[in-house]
1. Name, by its number, the condition in (1) assigned by TED's automatic domain parsing to the domain that holds residue 185; (2) over 17 Å from residue 181 (Cβ atoms); (3) of a type in the set (Ser, Thr, Tyr) that does not hold for residue 153.
2. Looking at the stretch 69-112 only, could you name the residues that are over 29 Å from residue 171 (Cβ atoms), out of contact with any helix residue (DSSP H, G or I) (no Cβ under 9 Å at 6 or more places or on another chain) and either modelled with pLDDT of 90 or more or not polar (S, T, N, Q) (or both)?
3. Out of 229, 223, which single residue is touching a Leu at 6+ places or on another chain (Cβ under 9 Å) and not aliphatic (A, V, I, L, M)?
4. Need a quick list: strands (runs of 3 or more DSSP E) entirely within the stretch 149-233 having at least 3 residues that are in contact with a helix residue (DSSP H, G or I) (Cβ under 6 Å, 6 or more places away or on another chain) and surrounded by 13 or more Cβ atoms within 10 Å (Cβ to Cβ).
5. Among the listed residues 83, 87, identify the single one that is of a type outside the set (Ser, Thr, Tyr), surrounded by fewer than 19 Cβ atoms within 10 Å (Cβ to Cβ) and out of contact with any His (no Cβ under 8 Å at 6 or more places or on another chain).
6. If residue 196 satisfies all but one of (1) out of contact with any Lys or Arg (no Cβ under 9 Å at 6 or more places or on another chain); (2) farther than 22 Å from residue 120 by Cα, what's the number of the condition it fails?
7. Take the stretch 74-90 and flag every residue that is farther than 12 Å from residue 230 by Cβ and either within 22 Å of the chain's Cα centre (by Cα) or among the β-branched types (Val, Ile, Thr) (or both).
8. Kindly indicate the residue of the stretch 75-101 that is free of Cβ contacts under 8 Å to residues at least 40 places away in the same chain and not in a helix (DSSP H, G or I) and also farthest from residue 127 (Cα to Cα) among those meeting that condition.
Amino acid sequence: MTLGHDATGYVDRVGSSVHHLHVGDRVVMESALSCGICDYCKRGLYNICADLIYNGFLASYQTHPADLCHRLPDSIGMDEGTLAQTLAMGCQACFKADISPTSNVLIIGTTPTAVSAAMCAMAIGAKKVTIAGTMDSALEMIDRELGYHTIHYDANALFGEVLEAVYCKFQEWPNCAINCAITPMTMNLAVMALQPCSVCVLAECESECASFNALDILMKNIRLVPSFRSANM
């Protein structure tokens, strides 16, 4: 992880060809720098550019591409603005999940991206949103501060017990899962808990290798959709 990769700042100078920003503007910066010339970048998929590098913003002054600097509205403070990239990742996961008013959304993990995805799903109008995770303190804060439904499970809990908790919370099986804590356990949890013909968005990893039962995915016609970082949010 690059330190200082979420940041806001003030525009001190602009290049002669930059017209959408002015000196003194408050901006939030996208930290991932893409090459801008590969096929992925030209298609707007700059988040999967092969030459992607991550910039940190720990210096007092820093040069940054103007198209990756976004002006903050007056209603958003500088501290709030630093969370824009995290919110964008959660929003992209929701858009890839095609969330609608009929969606019962299970979000696995308690990371900032998971919370952002929950906020976005609620804003879209999902039928029900529940966050499941292993961190008691994080779940308590989510419940207390945001009022979202939560499920706590132990990392060593019996699989059937976790599935039962999911069903009891929704009173049916969810039809959308956003996995922000990808491990073998959470992958199988998402697949087993989902209704047939549902979608599972893969947003963040806890483990580089996460095996799962491919037969369950085929038989239930589960659609797996990757959502790496964010682009054009």
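1. (2)
2. Scanning the stretch 69-112 gives 69, 71, 73, 74, 75, 77, 78, 79, 80, 81, 84.
3. Exactly one of 229, 223 is touching a Leu at 6+ places or on another chain (Cβ under 9 Å) and not aliphatic (A, V, I, L, M), namely 229.
4. Details: elements: 149-152, 176-179, 199-202, 223-226.
So the answer is 149-152, 176-179.
5. On the way: 87 fails: surrounded by fewer than 19 Cβ atoms within 10 Å (Cβ to Cβ).
That would be 83, the only listed residue that is of a type outside the set (Ser, Thr, Tyr), surrounded by fewer than 19 Cβ atoms within 10 Å (Cβ to Cβ) and out of contact with any His (no Cβ under 8 Å at 6 or more places or on another chain).
6. Of everything listed in (1) out of contact with any Lys or Arg (no Cβ under 9 Å at 6 or more places or on another chain); (2) farther than 22 Å from residue 120 by Cα, residue 196 misses just condition (1).
7. 76, 77, 78, 79, 80, 81, 82, 83 - these are the residues of the stretch 74-90 that are farther than 12 Å from residue 230 by Cβ and either within 22 Å of the chain's Cα centre (by Cα) or among the β-branched types (Val, Ile, Thr) (or both).
8. Out of the qualifying residues, it is 77.
The values are calculated or read from the model by the stated rules, or taken from the named source; none is laboratory data. The shown structure was predicted, so the numbers you read here are calculated from the model rather than taken from an experiment. FYI the Cβ positions are ideal-geometry reconstructions off the backbone, even for glycines, and counts take in every protein chain you see.
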